[in-house]
Amino acid sequence: MKRFLPPLLILLFAAAGGTAGFLLSSRYYDNPPPPPGISQVALGDKVPDGVLHDPQGRPHTFARWHGDLLVVNYWASWCPPCIEEMPMLDAWAKEHAQQGITVVGVAEDDAEAALAFLRDHPVGYPVLIGGRALDGSSMQLGNSRNVLPYTVLIGRDGRLLERKAGLLDRGLLDGWRDRHGGPAR
């Protein structure tokens with residue numbers, strides 16, 4: 001038994017160190033640098049007014065919702081976690097609409113695929129079409145990993161406040177609302 005103890009301890013310490021390193025790296029280095037030629041908005045900075053189009057082809061910028069707390073959710077019709085979170089996000093958007101909180105979906109998908117998906121799974125919040133460009137607005141807002149779903153919170157003053165790669169939950173959204181202004185003033 002004594003001869004197995006040192007290798008076992010080494011293995012346990014290595015596993016603990018690796019786990020701690022992984023957890024700390026994801027906390028402090030949540031976003032790798034963007035690809036060359038792509039500039040990203042840092043947390044606290046103003047979000048640029050890039051143009052996205054709605055399903056009818058009309059242009060929109062995020063400035064349209066200036067004054068609202070704006071949750072922007074990037075998704076695609078082929079993304080199972082995106083599809084899983086949409087009903088919760090739709091319900092959350094309806095519950096908070098009267099508080100000056102707006103949810104906007106951005107389909108990082110072909111327009112036809114996004115529209116077909118929305119016909120079968122409608123949502124009450126506005127949806128814009130971002131297309132499949134790797135240098136699209138989600139990349140500019142910090143999605144260097146180019147993962148979906150990807151969600152950001154833009155403050156009432158147009159500044160990037162929060163970002164989340166991966167599946168959302170109500171607790172996270174409620175926390176963002178509570179930290180960043182809740183109801184309109």
Test residue 94 against the criterion of being surrounded by 15 or more Cβ atoms within 10 Å (Cβ to Cβ) and either modelled with pLDDT of 95 or more or under 24 Å from residue 78 (Cα atoms) (or both), and give yes or no. no
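Here is a yes/no grid of residues against (1) acidic (Asp, Glu); (2) part of a loop (DSSP other than H, G, I, E, B); (3) closer than 18 Å to residue 59 by Cβ:
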{"position": "115", "(1), (2), (3)": "no, no, yes"}
{"position": "118", "(1), (2), (3)": "no, no, no"}
{"position": "122", "(1), (2), (3)": "no, yes, no"}
{"position": "146", "(1), (2), (3)": "no, yes, no"}
{"position": "161", "(1), (2), (3)": "no, no, no"}
{"position": "172", "(1), (2), (3)": "no, no, no"}
{"position": "176", "(1), (2), (3)": "no, no, no"}
{"position": "181", "(1), (2), (3)": "no, yes, no"}
Go through 78, 92 for me and flag whichever is in a helix (DSSP H, G or I), in the same structural domain as residue 151 (by TED's automatic domain parsing) and under 18 Å from the mean Cα position of the chain (by Cα). 92
Pairs, first at positive phi in the range 63-83, second part of a loop (DSSP other than H, G, I, E, B) and surrounded by 14 or more Cβ atoms within 10 Å (Cβ to Cβ), C-beta under 8 Å, six or more apart: 67/100; 67/156
Of all the residues that make up the range 137-175, how many are more than 17 Å from residue 41 (Cβ to Cβ) and either touching a residue at least 60 places away in the same chain (Cβ under 8 Å) or not assigned by TED's automatic domain parsing to the domain that holds residue 97 (or both)? 8
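The values are calculated or read from the model by the stated rules, or taken from the named source; none is laboratory data. Values in this document were obtained by computation on a predicted structure and should not be read as measured data. Here the Cβ is made from the backbone with ideal geometry for all residues, glycine too, and neighbour counts use every protein chain on show.
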